[in-house]
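Structure first, commentary second.
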Amino acid sequence: MTARKINRIAVFTSGGDAPGMNAAIRAAVRTATKNDLGVMGVRFGYQGMIDDDFIEMHHHSVSNILQHGGTILKSARSEDFRKAEGRKKAVENLRKHNIDAIVAIGGDGTFRGATVLHDEYGFPVVGVPGTIDNDLFGTDETIGYDTALNTAMEAIDKIRDTADAHDRLFLVEVMGREAGFIALETGIATGAELILLPEAVKKIDYIRDSLNKVFKVQRRSSLVIVAEGDETGGALSLAEKLKDDFGKYEMRVCVLGHLQRGGSPTSHDRVLAGRLGSAAVQALLNGHTSVMAGVLNHKNALTPMHKTWSEKKSIDFELLELAQVIR
Ligand code: F6P
């Protein structure tokens, strides 16, 4: 812990946007202003830090934003920040604006960047977990995950209607670059016949056999939920591997893609964002640095930032077993 005096903080969002980021920005800004801290927003994440894209923020700068998806501060994935020269420029700009500490809202890439800023320049940083993937160690849920689950579930329910009307086999791909959280929970919520995740790799023969049982023998509509990061290479690649066996049965593929990232956050994500955006500023005021503010067993918890990506958050394997029992 550092006990450095903080007068002014910067807040930014980075990496893939997630519904609820605006609610997190609002909570951070309002907690800061209530504690008499100045706040600057950085637009476009680390790239904006390098390009000097800073804006002053006040209580009213964040009015009427918590119900909207996306991020008012914009987001980016910055190649320049990976270079020492880019980071030097970013720190020069932070110092120019008299920033004493930063609140970084995003996923593992965002936290890797914040950790480097802290380690190289001693900059106080606290992270807020904002990603639909839910793949950060140190928090039971990330901001945006619940909304993405519900968006995907509603879309898959619609796919089920048409699959059922034709008794078709659908391969539906959901997001989750290296993690199967979205696939697992949407698979259960939509009664999928098969769920394929990077955490529980299934051989192609197993996939064929399972689909033979439910789809060919029982001849009923079947949904396979495939995480984009699954070993099969995603839904399109799986369709290619299955085409000789199931091609003649009007197999269809649907990649849900970025629609899972947009939309108004659920109440759950808004509350989580409020809690964690505020907790991050409180943590800075209490002298913490290089930590992420998360929620563990319903309580706020700080986790060393490097652990959020260096340790792996596991999916719930009991849920995966449950999916097989009740499908
Ligand atoms: O990390 C969030 C996420 O939506 C992943 O699920 C997905 O793999 C990735 O971002 C897509 O990134 P981009 O929007 O840059 O294509």
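The values are calculated or read from the model by the stated rules, or taken from the named source; none is laboratory data. Bear in mind the structure is a predicted one, so any value in this text is a computation, not a measurement. Don't worry about glycine lacking a Cβ; one is built from the backbone with ideal geometry, like all the others, and counts go over all protein chains shown. With ligands, DNA and RNA removed, areas are computed over all heavy atoms of the protein, side chains included. Shrake-Rupley method; radii C 1.70, N 1.55, O 1.52, S 1.80 Å.
Cα extents for the chain along the principal axes, largest to smallest and rounded to whole angstrom: 69, 37, 33.
Say we join alpha carbon atoms closer than 10 Å with springs in a Gaussian network model of the chain; which of V62, V217, V42 then has the biggest fluctuation? Highest fluctuation of the listed residues: V217. Length gained on full extension, K248 to K216: 10.4 nm, using 0.36 nm per residue less the C-alpha separation.
Computed over region 167-216, relative contact order equals 29 percent, with contacts defined as Cα pairs under 8 Å that lie 6+ residues apart. Distances between placed amide hydrogens fall under 5 Å for V255 paired with E173, all partners being 5 or more residues away or on another chain.
Placing +1 on each Lys and Arg Cβ and -1 on each Asp and Glu Cβ, with no other charges, gives the chain a dipole about its Cα centre of roughly 600 debye.
Hey, if you put +1 on the Cβ of every Lys and Arg and -1 on every Asp and Glu Cβ in region 145-262, which of V224, A155, S210 ends up farthest toward the positive end of that dipole? Towards the positive end, the residue furthest out is S210.
Computed from Cα atoms, the angle from the helix 267-285 axis to the main principal axis of the chain rounds to 30 degrees.
In order along region 121-127, the phi-based Karplus estimate (6.51 cos²θ - 1.76 cosθ + 1.60, θ = phi - 60°) of 3J(HN,Hα) comes to 10, x, 6, x, 9, 10, x Hz; Gly and Pro are listed as x. The slack in the chain from Y206 to L236, taken as 0.36 nm per residue of separation less the alpha-carbon distance, amounts to 9.0 nm.
As a length-normalised measure over Cα pairs under 8 Å and 6 or more apart, the relative contact order of the chain settles at 24 percent. In this structure, the amide hydrogen of G38, modeled 1.01 Å from its nitrogen in the peptide plane, lies closer than 5 angstrom to those of R8, I9, counting only residues at least 5 positions away or on a different chain. Ranking K74, K203 by solvent-accessible area of protein heavy atoms (1.4 Å probe, all protein chains present), from largest to smallest, gives K203, K74. Within region 138-154, name every residue whose backbone N is under 12 Å away from a label modeled 7 Å from Cα of D316 along the Cβ vector. Within reach of a label on D316: 140-141. Projecting the Cα atoms of I65, I9, G187 onto the charge dipole of the chain (Cβ charges, centred on the Cα centre) puts I9 farthest toward the positive pole. Sorting the segments 130-136, 288-294 by their residues' average number of neighbouring beta-carbon atoms within 10 angstrom, most packed first, yields 130-136, 288-294. Placing unit charges on the Cβ atoms only, positive for Lys and Arg and negative for Asp and Glu, gives region 1-75 a dipole magnitude near 320 debye about its Cα centre. The residues of region 50-124 present an accessible area of 50 Å² per residue when probed at 1.4 Å with all protein chains retained.
Sites listed here are GluC sites (Glu not before Pro) in region 62-119 whose DSSP assignment is loop and whose Cβ has at most 16 other Cβ atoms within 10 Å: E79. For K216, give me every one of the aspartates and glutamates with a C-alpha distance below 13 angstrom, ignoring sequence neighbours fewer than eight places off in its own chain. The reachable aspartates and glutamates, counting only those whose Cα sits under 13 Å from K216, are D167, E193, D245, E250. Rounded to the nearest 20, the size of the Cβ-charge dipole of region 145-262 about its Cα centre is 400 debye, with Lys and Arg at +1 and Asp and Glu at -1. Do you know the relative contact order of region 1-128, to the nearest whole percent, from alpha carbon pairs under 8 angstrom that are 6+ apart? With pairs under 8 Å counted, the relative contact order is 32 percent.
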